[in-house]
């Protein structure tokens, strides 16, 4: 089992104030190798990096959710189109290799 260490996403202060809003603390586990690499860049605010990554992922998920709600495609339609696109791309790549 891979060894994990805890990366505590906290500040020195008891209460974190970000844009005037108190935020809860979040603890994460990261692989030891990742933590070692992060330690090579002590000037980076890893809490902010994580916060921005979480926000970006949530924006992407919210976009997909809205897109899906507006879509008239059924799951079967989406799978069929996906197969057609994959087949088309595969054929184009084969032609490029020739």
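Readers should treat all values here as calculations from the given coordinates under stated rules, not as data from a laboratory. Note that this is a predicted model, so its numbers are computed, not measured. Using ideal geometry, Cβ is built from the backbone for each residue, glycine included, and neighbour counts are taken over all protein chains shown.
For a quick check: sort 85, 30, 49 by the number of other beta carbons within 10 angstrom, fewest at the front.
On the way: 85 10, 30 16, 49 13.
Arranged by neighbour count, lowest to highest, 85, 30, 49 become 85, 49, 30.
Working out 0.36 nm times the residue gap between residue 76 and residue 37, then minus their Cα-Cα distance, what length gain in nm do you get to one decimal?
Working: separation 39, 0.36 × 39 = 14.04 nm, distance 4.37 nm.
My answer for the length gained is 9.7 nm.
Given the alpha-carbon gyration tensor of the stretch 18-83, what are the semi-axes of its equivalent ellipsoid in whole angstrom, ordered largest first, with each equal to the square root of 5 times an eigenvalue?
Semi-axes, largest first: 36, 19, 9 Å.
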